[in-house]
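Remarks on the structure that follows.
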Amino acid sequence: MSITEQHNKLMELLLGAVGADGNKLSEQRLRVVHALCAMEYFENAEELWILLNAKKKISRAMVYNCLGILVKAGYIIKTTHTNGGASYRLRHDI
């Protein structure tokens with residue numbers, strides 16, 4: 001499978017998870033998923049929010065909500081650190 005095909009499959013899976021349970025696939029949710037596919041790993045939700053918000057306003061709650069949905073669905077691995085913070089990494093074995 002090519003990198004483009006892998007990216008498209010991952011995008012499809014993430015969008016499906018974010019849009020599940022009656023959640024609307026809003027522009028903000030789409031932006032979060034696109035950023036996640038591009039980044040693969042980021043230090044914390046705040047870093048993701050800063051990146052997205054610098055380009056176009058987005059609520060912190062939306063970023064945290066999307067991350068929570070994707071962690072619960074098993075597409076993102078959340079690592080909680082001793083200082084209370086957390087880092088996130090996309091799973092590519094799905």
Compute the signed sum of charges (Lys and Arg +1, Asp and Glu -1) over the other residues within less than 14 Å, Cβ to Cβ, of Leu30. +3
When ligands, DNA and RNA are left out and all protein chains stay put, how many square angstrom of accessible area per residue does the chain have with a 1.4 Å probe? 61
Heavy-atom accessible area of the chain with neighbours in place, 1.4 angstrom probe: carbon+sulfur share in percent works out to 54
All lysines inside 21 Å of Lys57 as judged from Cα atoms, apart from same-chain residues fewer than 8 positions distant: Lys24
Need one number: nm distance between label points at Glu5 and Lys78, each 7 Å from Cα along Cα→Cβ, rounded to one decimal. 3.3
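With the cut-off at 1.5 for a/c, could you classify the chain from its C-alpha gyration tensor as rounded, prolate or oblate?
rounded
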Would you mind calculating the gained length between Tyr41 and Arg60 on full extension (0.36 nm times residue separation, minus the Cα-Cα distance), in nm to one decimal? 5.0 nm
Per-residue HN-Hα couplings for the range 22-27, Karplus 6.51 cos²θ - 1.76 cosθ + 1.60 at θ = phi - 60°, whole Hz, x for Gly and Pro? x, 5, 6, 7, 6, 4
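The values are calculated or read from the model by the stated rules, or taken from the named source; none is laboratory data. As the structure is a prediction and not an experimental result, all values here were calculated from the model. As a convention, Cβ positions derive from the backbone with ideal geometry for all residues, glycine included, and neighbour counts pool all protein chains shown. Keep in mind that these areas ignore ligands, DNA and RNA; they rest on the heavy atoms of the full protein, side chains included. Shrake-Rupley method; radii C 1.70, N 1.55, O 1.52, S 1.80 Å.
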